[in-house]
Amino acid sequence: MNEPRDEAWLARVRGQLDADARDVDGATASKLTQARHAALAERPRARWLRVLAPALAVAAALAIALPLWRSAEPASPAANAEAFELIVADDDVALYEDLEFYAWLGADGDDADAGG
Amino acid sequence: MEALFPTLARLDLVDRDPQPAAARDAALDRFLKEVERRALRMAELGTGHREDALEIVQDAMLGFVRRYADKPATDWAPLFYRVLDSRLLDFHRRNTVRRRWRLWLSPADEDGDGDPLAQVADPVEPGPDRRCADGELRVRLDAALRALPLRQRQAFLLRIWEGLDVADTATAMRCSDGSVKTHLSRALAALRARLGDLA
């Protein structure tokens with residue numbers, strides 16, 4: 001395709017294609033402009049921000065998740081030991097053993113107050 | 001943030017583009033404005049429908065800006081057409097699958113006689129009036145280009161119309177330089193046979 005005849009042929013084809021591309025109606029031209037503007041609005045931010053964005057997102061997620069995780073964490077061994085001591089302490093066992101007597105005493109006292 | 005910049009630069013996280021963002025946006029706008037109508041024509045030849053073509057061009061612009069806006073401006077043309085070519089290939093693949101399903105679901109329509117879509121007028125077909133007004137060449141060229149296989153048509157349009165060199169055309173079409181030459185040579189032979197001398 002290097003002969004002058006071929007060049008003329010190609011020039012005609014190019015000319016026709018250029019004319020086709022130029023002759024776009026107003027509605028289509030407007031849609032193309034809108035598409036271009038929409039695409040330009042998607043222009044990526046600075047590269048450092050794009051690279052660091054996932055790291056920043058992870059850091060933010062950790063900042064929220066860590067306190068929640070710590071609050072849900074079981075009590076420390078020391079706190080557990082304290083609770084265990086309270087459970088097994090036998091200081092007031094006598095009170096619980098005589099619970100029925102103290103209930104009767106309380107009820108009797110109330111009746112006496114009501115009667116008096 | 002200023003103090004952070006040397007560190008970011010060492011990590012290659014800072015744009016080394018000397019153009020400020022506003023100038024780059026303006027350059028991108030100019031580039032897209034320059035190619036959009038030719039891209040639309042290419043997409044129209046590939047799809048046969050103005051609306052499909054518009055959708056493909058819009059998608060290509062978005063993909064190009066998202067992925068390649070930071071590349072040097074000298075690389076934009078092959079990269080833009082690479083995205084466009086990829087969208088056109090996707091369109092053709094989807095259409096092929098759709099056609100196969102249609103044939104599988106109604107094999108009696110294999111010859112196309114019963115296909116209602118075959119009866120619908122081509123919206124891009126100019127019609128007799130416009131054909132007279134615009135001359136015969138437009139119609140003949142349009143028909144000849146549409147008759148070409150997709151890869152041959154893309155090679156012809158990118159090399160001959162868009163003026164990309166062989167390497168850039170290969171980048172746009174994601175193939176080797178040799179494939180570009182083969183597609184182009186076949187396209188030229190087919191077009192010459194169909195269009196004649198255009199005298």
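The values are calculated or read from the model by the stated rules, or taken from the named source; none is laboratory data. Treat the numbers as computed from the prediction; the structure is a model and nothing was measured. Using ideal geometry, Cβ is built from the backbone for each residue, glycine included, and neighbour counts are taken over all protein chains shown. Ligands, DNA and RNA are stripped out before the accessible areas are found, and what is left, the full protein with its side chains, is counted by its heavy atoms. Shrake-Rupley method; radii C 1.70, N 1.55, O 1.52, S 1.80 Å.
Can you pull the mean other chain C-beta count within 10 Å for peptide A:22-29?
On the way: counts 3, 4, 5, 1, 0, 1, 7, 3.
Neighbouring Cβ atoms belonging to other protein chains average 3 per residue here.
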Checklist entry - Which GluC sites (Glu not before Pro) does segment B:38-87 hold that lie in a coil by DSSP with at most 16 other beta carbons within 10 Å? => result none
Checklist entry - Sorted by mean Cβ packing within 10 Å, highest first, what order do the peptides B:182-191, B:33-42 take? => result B:33-42, B:182-191
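Under the definition of partner shielding as Cβ atoms of other protein chains within 10 Å of a residue Cβ, what is the mean value for peptide B:28-40?
Mean inter-chain Cβ contacts per residue within 10 Å come to 4.
Stretch B:R67-B:W104 to full length: gain in nm at 0.36 nm per residue minus the Cα-Cα span? Before the final figure, lay out each step's value.
On the way: separation 37, 0.36 × 37 = 13.32 nm, distance 3.83 nm.
Working it through step by step, the gained length comes to 9.5 nm.
Quote to one decimal, in nm, the extra length available between B:D177 and B:L150 on full extension: 0.36 nm per residue of separation minus the C-alpha distance between them.
Numbers: separation 27, 0.36 × 27 = 9.72 nm, distance 1.69 nm.
Extra length available between B:D177 and B:L150 comes to 8.0 nm.
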Checklist entry - Under 21 Å from the Cα of A:K31, which lysines turn up, not counting those fewer than eight places away in the same chain? => result B:K33
Checklist entry - For B:H49, A:H37, what's the largest-to-smallest order of accessible area, 1.4 Å probe? => result A:H37, B:H49
Item to check | Distance in nm between pseudo-label sites at B:R93 and A:D18 (7 Å out along the Cβ direction from Cα) | outcome: 3.6
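Could you estimate the translational diffusion coefficient of segment B:19-105 from the Stokes-Einstein equation, with Rh from the Kirkwood formula over C-alpha pairs, at 25 °C and 0.890 mPa s, in whole µm²/s?
On the way: Rh = 13.9 Å.
For these conditions, the coefficient is 176 µm²/s.
Starting from the residue with the highest accessible area, list B:I56, A:I64 in decreasing order, probe 1.4 Å.
On the way: B:I56 15, A:I64 115 Å².
Descending accessible area places them as A:I64, B:I56.
Using the beta-carbon distance between A:S30 and B:E136 and R0 = 35 Å, what value does 1/(1 + (r/R0)^6) give for FRET efficiency, to the nearest 0.05?
On the way: r = 30 Å, r/R0 = 0.86.
Working from the Cβ atoms, E equals 0.70.
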Next on the checklist: Just to verify a number: what accessible area does B:R159 come out at with the full protein assembly present, 1.4 Å probe, Å² rounded to tens?
Outcome noted: 70
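Can you pull out the chymotrypsin sites (Phe, Trp or Tyr not before Pro) in segment B:17-88 whose DSSP state is coil and whose Cβ has at most 11 other Cβ atoms within 10 Å?
Working: sites: B:F31, B:F64, B:Y68, B:W76, B:F80, B:Y81; in loops: none.
Sparse-neighbourhood loop chymotrypsin sites (Phe, Trp or Tyr not before Pro): none present.
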Next on the checklist: Quick check: with the 1.4 Å probe, what order do B:R66, B:R140 take by accessible area, largest first?
Outcome noted: B:R66, B:R140
Item to check | Cα→Cβ-extended label distance, 7 Å offset, between B:A21 and A:L68, nm | outcome: 3.2
Checklist entry - Suppose R0 equals 41 Å; then what is the FRET efficiency for A:V58 and B:A167 from their Cβ-Cβ distance, rounded to the nearest 0.05? => result 0.50
